[in-house]
Amino acid sequence: MTVPVFEEYEPPADCGCPGCARRRRTAAALPVRHGGHPAAHGARRALVMVTAAGVVLSCGAGQAAATAAARGARADTAVDPQPGSPQGTVGPLSGSGASGPPSTPDTTQRTTTRTDIISRAQKWVTAKVPYNMAAYWSDGYRQDCSGFVSMAWNLGTNEWTGSLAAFGTKIARADLEPGDILLFHNLADPSVGSHVTVFGGWTDHTHTHYLAYEQTSPHARKATTPMAYWSNSSKYVAYRYKGIVSGSGSVTAFPGAAKFGPGKNNAHVTRLGQLLIAQGGKRFYTAGAGPRWSDADKRATQAFQLAQGWKGKEADGLPGPGTWSLLIKGTGHRIPAAGTGSTQGGTAAYPGKSFFASGQSNDHVRKLGAQLVKKGYGAHYLTGPGPRWTEADRRNVEAFQRAQGWSGSAADGYPGPETWRRLFA
């Protein structure tokens with residue numbers, strides 16, 4: 001007769017025929033199918049093994065099964081297993097027809113906001129959409145990990161881990177924001193371990209855990225997850241969707257001076273810190289950007305303002321519309337690296353105008369010349385540079401000043417405090 005597959009047929013414990021006995025002995029060695037749960041299968045194996053042994057061991061079987069099952073459950077709780085998440089290939093929505101042609105994200109890019117990305121991801125989580133690489137949800141997206149991201153990013157196709165990167169820009173993990181993704185595509189064997197999650201935000205100030213939205217067995221979920229994932233963590237790469245536009249999920253307008261300063265605690269402070277870190281201010285923060293205003297925020301803001309050549313109230317360490325606009329657009333001068341010795345705004349201190357004039361000879365002139373050459377403004381030197389001030393020094397300084405967009409007396413070839421600061425930034 002035909003014997004049913006094992007997962008639909010358990011050999012009875014009281015049957016002594018050679019076939020049932022053999023199946024009972026080998027049941028525990030059967031492999032777990034894709035999408036299976038190791039803990040559940042471990043417990044089931046234990047129960048089968050104890051059942052097989054029950055004919056001989058009798059009263060000790062129940063306790064042995066419970067112990068084995070509990071051990072499997074504890075192991076699963078301690079560390080989430082490598083995702084058993086096979087996925088489909090690139091194809092059209094709704095799964096109709098054959099797989100589509102290779103994606104052309106640069107010509108078919110849709111736009112979305114961060115808020116909308118998280119909102120779409122949450123809909124699947126709320127609905128507990130079942131994991132199934134061959135099924136498609138009512139919105140047309142495939143019910144696997146890459147279909148989940150295709151849905152959250154509002155792509156026009158069902159992608160896979162091998163194609164999603166083309167829709168994004170690689171970013172540093174420290175720059176992750178809600179709506180970005182963490183992607184691992186196993187080039188050696190895409191069916192083993194490849195996975196992708198939607199980043200939902202940090203859950204601690206140390207940035208070691210984050211809220212992950214993902215499609216995995218048994219259904220869509222969001223859960224606090226170690227950075228970057230339970231397994232293959234070092235191989236996950238952060239990406240930002242190219243179609244992100246400003247909107248309710250990405251603050252661009254200046255929120256107002258009242259949002260910043262001592263005692264303030266809000267998302268705008270976090271956003272400010274992230275922008276300052278992106279502009280070279282990481283050294284001011286020991287624990288990353290956070291919602292509570294701190295001295296690190298003030299010092300980093302002031303360093304950025306000084307980098308723009310601002311002084312007085314314009315460089316008081318509190319962001320105004322001008323500071324915010326430059327940070328959002330990424331068009332301002334970056335915060336210079338910390339200098340050594342005497343500093344002003346993170347650069348070597350300006351020695352004074354009297355050192356740079358006809359007949360002067362000193363180490364400041366030599367240092368100025370060397371920095372001009374380093375920055376690419378040494379075209380007028382035939383020899384040197386050296387410690388004696390020459391017309392070549394003046395003309396090179398003038399070229400540097402004009403490169404800053406200055407003219408008239410602001411580009412006379414004689415270094416002032418701002419020329420000096422920018423040159424050594």
| If you go through segment 402-420, how many residues are closer than 14 Å to residue 369 by Cα and not β-branched (Val, Ile, Thr)? | 4
| Condition broken by residue 418, with the remaining ones in (1) in a helix (DSSP H, G or I); (2) at pLDDT 90 or above; (3) of a type outside the set (S, T, N, Q) satisfied | (2)
| Quick check, is residue 358 open to solvent by 40 Å² or more (accessible area, probe 1.4 Å), modelled with pLDDT under 90, polar (S, T, N, Q) and not in a loop (DSSP other than H, G, I, E, B)? | no
| How about segment 408-423: which of its residues are without any contact (Cβ under 8 Å) to a residue 24 or more places away in the chain and within 39 Å of the chain's Cα centre (by Cα)? | 419
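Would you confirm whether or not segment 193-206 contains a residue that is among the aliphatic types (A, V, I, L, M), open to solvent by 30 Å² or more (accessible area, probe 1.4 Å), part of a strand (DSSP E or B) and touching a strand residue (DSSP E or B) at 6+ places or on another chain (Cβ under 9 Å)? Show your work before the answer.
Here is the first cut: in segment 193-206, the residues among the aliphatic types (A, V, I, L, M) are 196, 198.
Now drop any that are not open to solvent by 30 Å² or more (accessible area, probe 1.4 Å), which leaves none.
The answer is no; no qualifying residue exists.
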| request: Return the residue satisfying two criteria in turn: it lies in segment 381-396 and is in a loop (DSSP other than H, G, I, E, B) and surrounded by fewer than 18 Cβ atoms within 10 Å (Cβ to Cβ), and of such residues it is modelled with the lowest pLDDT. | output: 384
| Just for segment 174-192: of the residues that are not charged (D, E, K, R) and not in a loop (DSSP other than H, G, I, E, B), which one is surrounded by the most Cβ atoms within 10 Å (Cβ to Cβ)? | 181
| note | Exception for residue 268 within (1) open to solvent by 60 Å² or more (accessible area, probe 1.4 Å); (2) under 22 Å from residue 334 (Cβ atoms) falls at (1)
| said: Name the single residue that is nearest to residue 405 (Cα to Cα) among those in segment 284-314 being of a type in the set (D, E, K, R) and not in a helix (DSSP H, G or I). | reply: 311
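The values are calculated or read from the model by the stated rules, or taken from the named source; none is laboratory data. Since the model is a prediction, treat every value here as computed from it, not as a measurement. Because the Cβ atoms are built from the backbone with ideal geometry, glycine has one as well, and the counts that use them run over all protein chains shown. When the accessible area is computed, the model is the full protein with side chains, heavy atoms only, and any ligands, DNA or RNA have been set aside. Shrake-Rupley method; radii C 1.70, N 1.55, O 1.52, S 1.80 Å.
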